[in-house]
Each structure stands twice: as C-alpha cells, then as structure tokens.
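K.L.:
Questions regarding the structure given below will be posed in turn.
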Amino acid sequence: MLLTLGYAGVCAASPWKSCRHCQGLGFQLTYTRRGKPKRGKHCRRCDGHGIRIRVGRHVYNLWARTYRAGRAADEAAAKSASTAREAPAA
C-alpha cells in the first residue's frame with residue numbers, strides 16, 4: 001500500500017520520465033567509423049522529445065477524462081430534465 005501511494009505521489013509530482021529507448025536524448029546514438037558518437041535516427045517512442053508520460057499518470061489521465069465525460073453527461077441530463085419540468089403546459 002505504501003509503494004502504491006509513493007508511486008502515485010511520484011506521478012503527481014513528476015508525470016514525465018526519460019524515454020527508455022533513447023535514454024532521454026530524443027534520438028539513437030550512432031558512431032562513425034572512427035568511433036565518434038553522432039546523432040542517429042529520430043526516436044519514435046518519444047517523438048524526439050526524450051521524455052514519456054509515466055504509466056501511472058497515463059492511467060490517471062484516462063480515468064479523469066472518463067470521469068469528467070460522465071459528469072458532463074449527468075449535468076446535461078439534469079439540466080434538460082429541469083427545463084422540461086419548468087416549461088409551462090400550453
């Protein structure tokens with residue numbers, strides 16, 4: 001339980017982490033024939049930014065988006081129901 005709360009705190013404080021594929025560079029390192037490092041291919045996982053969203057933060061964002069959509073639908077239904085009750089009968 002403590003680990004879960006600790007990870008949730010890390011996701012809230014720092015939602016981004018270095019890309020594991022390119023080690024946060026945004027590209028793969030390649031080497032010349034002399035052994036000198038140079039910029040290689042653009043990283044497809046992080047789209048060249050070098051950072052990716054943490055899994056826990058991604059799950060939280062999905063949950064929050066679903067929750068907000070549900071709340072908006074409930075409020076819209078309540079608003080339409082209240083206006084239908086208030087409409088005078090002709």
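The values are calculated or read from the model by the stated rules, or taken from the named source; none is laboratory data. Small disclaimer: the values here were computed from a predicted structure and weren't measured. Because the Cβ atoms are built from the backbone with ideal geometry, glycine has one as well, and the counts that use them run over all protein chains shown. Ligands, DNA and RNA are excluded from the accessible area calculation, which covers all protein heavy atoms including side chains. Shrake-Rupley method; radii C 1.70, N 1.55, O 1.52, S 1.80 Å.
K.L.:
Lone cysteines in the chain, defined as no other cysteine's Cβ under 4.7 Å from theirs: which are they?
P.N.:
Within the chain, the cysteines lacking a partner Cβ under 4.7 Å are Cys11.
K.L.:
Given a 1.4 Å probe, how much area per residue of the chain is accessible, in Å²?
P.N.:
Values: 7780 Å² over 90 residues.
Per-residue value: 86 Å².
K.L.:
Give me the distance in nm between label points sitting 7 Å out from Cα along the Cα-to-Cβ direction at Ile51 and Ala76, one decimal.
P.N.:
Between Ile51 and Ala76, the simple spin-label model gives 3.3 nm.
K.L.:
What list of ³J(HN,Hα) couplings, whole Hz, do you get for segment 71-81 from phi and the Karplus terms 6.51, -1.76, 1.60, once you set θ to phi - 60° and write x for glycine and proline?
P.N.:
Once θ is set to phi - 60°, the couplings for segment 71-81 become 5, 5, 5, 5, 5, 5, 5, 5, 5, 5, 5 Hz.
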